[in-house]
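Down below is the structure, laid out as C-alpha coordinates.
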Amino acid sequence: LWARRRPPTHGRLLLGAVAPLWRRRGIGAQLLHQVLRHAQEERGTGLACGPYAPDSAAARLMERFGAQPMQRYHLYEWNAW
(Lines give C-alpha, C1' and ligand atoms only; values in the text may rest on other atoms or scores of the structure.)
Protein backbone atom coordinates (compact mmCIF):
# COMPACT_ATOMS: atom_id res chain seq x y z
CA LEU A 1 0.00 0.00 0.00
CA TRP A 2 1.50 3.30 -1.08
CA ALA A 3 0.45 6.74 -0.03
CA ARG A 4 1.41 10.00 -1.62
CA ARG A 5 2.87 12.29 0.99
CA ARG A 6 1.88 15.91 0.86
CA PRO A 7 3.48 18.67 2.85
CA PRO A 8 1.50 19.40 6.02
CA THR A 9 -0.60 22.57 5.95
CA HIS A 10 -1.64 22.64 9.60
CA GLY A 11 0.73 22.84 12.53
CA ARG A 12 0.22 21.92 16.15
CA LEU A 13 1.75 23.65 19.15
CA LEU A 14 1.91 21.33 22.13
CA LEU A 15 2.83 22.13 25.70
CA GLY A 16 3.92 25.70 25.13
CA ALA A 17 4.61 27.32 28.49
CA VAL A 18 6.76 29.90 30.22
CA ALA A 19 8.26 29.11 33.62
CA PRO A 20 6.36 30.87 36.44
CA LEU A 21 9.29 33.11 37.40
CA TRP A 22 9.55 34.40 33.81
CA ARG A 23 5.86 35.09 33.15
CA ARG A 24 4.36 38.56 32.55
CA ARG A 25 7.49 39.73 30.68
CA GLY A 26 6.29 39.30 27.10
CA ILE A 27 8.17 36.03 26.58
CA GLY A 28 5.02 34.05 25.76
CA ALA A 29 4.00 36.66 23.19
CA GLN A 30 7.46 36.54 21.59
CA LEU A 31 7.37 32.74 21.44
CA LEU A 32 3.88 32.68 19.95
CA HIS A 33 4.87 35.36 17.42
CA GLN A 34 7.84 33.22 16.30
CA VAL A 35 5.65 30.11 15.98
CA LEU A 36 3.15 32.01 13.82
CA ARG A 37 5.93 33.53 11.71
CA HIS A 38 7.43 30.08 11.12
CA ALA A 39 4.00 28.70 10.15
CA GLN A 40 3.59 31.52 7.60
CA GLU A 41 7.07 30.89 6.18
CA GLU A 42 6.14 27.23 5.73
CA ARG A 43 2.91 28.30 4.02
CA GLY A 44 0.78 26.82 6.76
CA THR A 45 -2.95 27.43 6.65
CA GLY A 46 -3.74 26.68 10.27
CA LEU A 47 -2.24 26.15 13.68
CA ALA A 48 -3.76 24.20 16.55
CA CYS A 49 -2.68 25.10 20.06
CA GLY A 50 -4.30 25.11 23.41
CA PRO A 51 -3.87 26.00 27.05
CA TYR A 52 -5.30 23.74 29.70
CA ALA A 53 -7.78 26.25 31.13
CA PRO A 54 -9.98 28.36 28.82
CA ASP A 55 -9.89 31.28 31.27
CA SER A 56 -6.09 31.27 31.70
CA ALA A 57 -3.57 33.94 30.81
CA ALA A 58 -2.36 31.65 28.00
CA ALA A 59 -5.87 31.57 26.49
CA ARG A 60 -6.07 35.37 26.65
CA LEU A 61 -2.67 35.64 24.98
CA MET A 62 -3.76 33.35 22.16
CA GLU A 63 -6.97 35.35 21.70
CA ARG A 64 -4.86 38.53 21.39
CA PHE A 65 -3.13 36.85 18.46
CA GLY A 66 -6.47 36.06 16.83
CA ALA A 67 -6.97 32.48 18.01
CA GLN A 68 -10.49 31.25 18.60
CA PRO A 69 -11.62 28.30 20.74
CA MET A 70 -12.52 25.33 18.55
CA GLN A 71 -12.58 22.29 20.84
CA ARG A 72 -12.45 21.60 24.53
CA TYR A 73 -10.61 18.72 26.12
CA HIS A 74 -10.89 17.46 29.66
CA LEU A 75 -7.72 16.06 31.16
CA TYR A 76 -8.05 13.39 33.79
CA GLU A 77 -5.42 12.11 36.15
CA TRP A 78 -5.02 8.38 35.83
CA ASN A 79 -3.60 6.31 38.61
CA ALA A 80 -4.29 2.61 38.24
CA TRP A 81 -2.22 1.59 41.25
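The values are calculated or read from the model by the stated rules, or taken from the named source; none is laboratory data. Since the structure is predicted, the reported quantities are computational estimates derived from the model, not experimental observations. Note that each Cβ is placed from the backbone with ideal geometry, even for glycine, and that neighbours are counted across all protein chains shown.
So is GLY11 surrounded by 10 or more Cβ atoms within 10 Å (Cβ to Cβ), at pLDDT below 80 and either touching a strand residue (DSSP E or B) at 6+ places or on another chain (Cβ under 8 Å) or not in a helix (DSSP H, G or I) (or both) or not? Yes.
Taking the residues in region 36-48 that are of a type outside the set (Gly, Ala, Ser) and under 12 Å from MET62 (Cα atoms) as candidates, determine which candidate is modelled with the highest pLDDT. Break it down stepwise before answering.
Initially, region 36-48 is screened for residues of a type outside the set (Gly, Ala, Ser), giving 36-38, 40-43, 45, 47.
Filter once more, keeping what is under 12 Å from MET62 (Cα atoms): 36, 47.
Details: LEU36: 88, LEU47: 82.
For region 36-48, the residue satisfying everything is LEU36.
Residues that are of a type in the set (A, V, I, L, M) and exposed (fewer than 12 other Cβ atoms within 10 Å of the Cβ) within region 22-81 comprise ALA53, MET70, LEU75, ALA80, listed in sequence order. Pairing each residue of region 57-70 that is without any contact (Cβ under 8 Å) to a residue 40 or more places away in the chain and within 17 Å of VAL18 (Cα to Cα) with any residue that is among the charged types (D, E, K, R) and in a loop (DSSP other than H, G, I, E, B), provided the two are 6+ apart or on different chains, yields no C-beta distance under 7 Å. Annotation note: Cβ proximity below 9 Å between a residue of region 23-44 that is acidic (Asp, Glu) and part of a helix (DSSP H, G or I) and a residue that is modelled with pLDDT of 90 or more and surrounded by 12 or more Cβ atoms within 10 Å (Cβ to Cβ) (sequence gap 6+ or interchain) occurs for no pair.
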